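> Attaching a single structure in structure tokens format; questions to follow.
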Amino acid sequence: MTNPGRPRTPPRRRRRTRKLVITSVVIIGLLVAVDFGAAAVFEYQVSKRAREQFNLTDDPAVKVHGFSFLAQAFSGEYDHVSIDAKGVPVQDTLRDLEVHVDLQGVLAPLGDLLSGSLKEVEVREVEGQVRVKASDVSRAILENKNPLVSSITNLTIDPISEADVQSDPDERSEEQQAAADRAQELEDDDDTRAGAKICASGDIGGEQTDFCAYGLITLIEAAKAKFTPSRLEVRNSVLGSGELPEQFEADILTMLTVTLDPGELPFTVTPTAVNVEQGVLSVKGKAFDVVLGGSGE
């Protein structure tokens, strides 16, 4: 009997199709491997120059974004390259800074890249950020010695609105809360000041005390940022959740007023804003038409 269905594909054609599929997969795999390999070479070259620019002891991590790398390499321009360096020390207080840089429009000729003769990398736009972690903020606060406070532990940082810096949301009227909400909508992430809540535990006057300071982190000069607390909340076994005597509170707020100096931003970036994230205070800014120089060794 004959099969009324579709005719069978000849075995020779099936084998040819299978070979084409396998060949295509192999070629794609090779192209992907070459793409990643070429990207690794480029990232190494940029990392060396960034290390010199940052004056680091180790090469920072470099990542080329977008696919494919080779398509960008043939054009000689890379849309987005990021650089991250961790554990960067500045003097004795700030020992664990993080540096994050976004490079937009990175120009590097493919021929120079492949030959290893790449002497410099031109960048159309740079956005740099130096992040100060809670551990460094804790050390900076303890440098403001206060006889009432013998230790600080478990320090945390959280972003808050500028309205929350001035008053407790639970104590506002509906009209005050509405005004605070409107003001928060107008706040800008790229501003020279931002609200921050810094909480910690400490030995205050011999009592283990939990406290939270509400204040503004402000860009004051160069890349320096200053935290100025406006109000304080405390809790311990004696006070419960209450207030310290006025002079004690004033002394604690003075101790918590701290200036952080993370040094110059990378690539001569001009500081333009401060930012508060969970566990981090940061200074950031932009620069244009920057050159990453260095030897091509």
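> So which residues in the stretch 39-94 are more than 18 Å from the chain's Cα centre (by Cα), assigned to a strand (DSSP E or B) and surrounded by 14 or more Cβ atoms within 10 Å (Cβ to Cβ), if there are any at all?
Glu77, Tyr78 - these are the residues of the stretch 39-94 that are more than 18 Å from the chain's Cα centre (by Cα), assigned to a strand (DSSP E or B) and surrounded by 14 or more Cβ atoms within 10 Å (Cβ to Cβ).
> For the stretch 194-205, which residues satisfy the criterion of being surrounded by 18 or more Cβ atoms within 10 Å (Cβ to Cβ) and at pLDDT 90 or above?
Result: Ala194, Gly195, Ala196, Lys197, Ile198, Ala200.
> Tell me yes or no: at least one residue of the stretch 121-137 is within 23 Å of Leu260 (Cα to Cα), among the hydroxyl-bearing types (Ser, Thr, Tyr) and surrounded by fewer than 17 Cβ atoms within 10 Å (Cβ to Cβ).
So far as the stretch 121-137 goes, yes, one or more of its residues are within 23 Å of Leu260 (Cα to Cα), among the hydroxyl-bearing types (Ser, Thr, Tyr) and surrounded by fewer than 17 Cβ atoms within 10 Å (Cβ to Cβ).
> Now for a different question. Are any of the residues in the stretch 147-156 in the same structural domain as Ala213 (by TED's automatic domain parsing) and outside any strand (DSSP E or B)?
Yes: the stretch 147-156 contains one or more residues that are in the same structural domain as Ala213 (by TED's automatic domain parsing) and outside any strand (DSSP E or B).
> I would also like to ask the following. Residues that are modelled with pLDDT under 90 and polar (S, T, N, Q): which strands (runs of 3 or more DSSP E) entirely in the stretch 238-291 hold 1 or more of them?
Working: elements: 240-242, 258-260, 270-277.
Here the list reads 240-242, 270-277.
> Quick one: in the stretch 206-231, which of the residues that are small (Gly, Ala, Ser) and surrounded by fewer than 21 Cβ atoms within 10 Å (Cβ to Cβ) is nearest to Gly285 (Cα to Cα)?
Ala222
The values are calculated or read from the model by the stated rules, or taken from the named source; none is laboratory data. Keep in mind that what you see is a predicted model, and the values were worked out from it rather than measured. When we count neighbours, we look across all protein chains shown, and the Cβ atoms used for this are built from the backbone with ideal geometry, even at glycine.
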